[in-house]
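Values in this text are rule-based calculations from the coordinates and carry no lab data. These figures come from a predicted structure and were not determined experimentally. All Cβ positions, even for glycine, are placed from backbone atoms using ideal geometry, and neighbour counts span all protein chains on display.
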């Protein structure tokens, strides 16, 4: 009985760890548009995208000259002209950013925590006006 319980717990731990490892690995994968380019700013954080909350370092944001990529269980590519505003944090916590955009095919709520607002806004303002 005890060995069966141990095997059950061990298998569950391996499955949960495997899911988290897959999400981190998938978020780090580069898409075709990023090939041969170096990000101007890169951050790994937690966040809220749509109805889902990602705790821990499960969301990666990479900013380039003309677009940004948010990688989690899938990849979001936002051109800078599709972004309406980048504002500080959410309602309760002010650390991080909220990205407001006008694309209807993406979740309206994109919040990334532990991301430097100053660096993101600097890159966005520098390259969005081109």
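General observations
- Label-point gap, in nm, between residue 14 and residue 73 - each point 7 angstrom along Cα→Cβ: 2.3
- For the chain, averaging the sequence separation of C-alpha pairs within contact (under 8 Å, six or more residues apart) and dividing by the residue count gives a relative contact order of 21 percent.
- Rounded to 10°, Cα long-axis angle of helix 117-128 versus longest principal axis of the chain: 50
- Modelled FRET efficiency - R0 22 Å, residue 4 with residue 25, Cβ distances, 0.05 increments: 0.10
- Radius of gyration and maximum dimension Dmax of segment 55-130, Cα, Å: 11.7, 35
- For the options 22, 113, 67, a Gaussian network treatment of the chain with springs between C-alpha atoms closer than 10 Å singles out 22 as fluctuating the most.
- Equivalent-ellipsoid semi-axes of segment 2-128, from the Cα gyration tensor, Å, largest first: 31, 17, 12
- Whole-angstrom gap from segment 34-86 to segment 1-27, using each part's C-alpha centre: 28
- Full extension of the chain between residue 102 and residue 126 gives 6.6 nm of extra length, using 0.36 nm per residue less the Cα-Cα distance.
- Taking 0.36 nm per residue of sequence separation and removing the Cα-Cα distance, the residue 118/residue 52 pair yields an extension gain of 21.2 nm.
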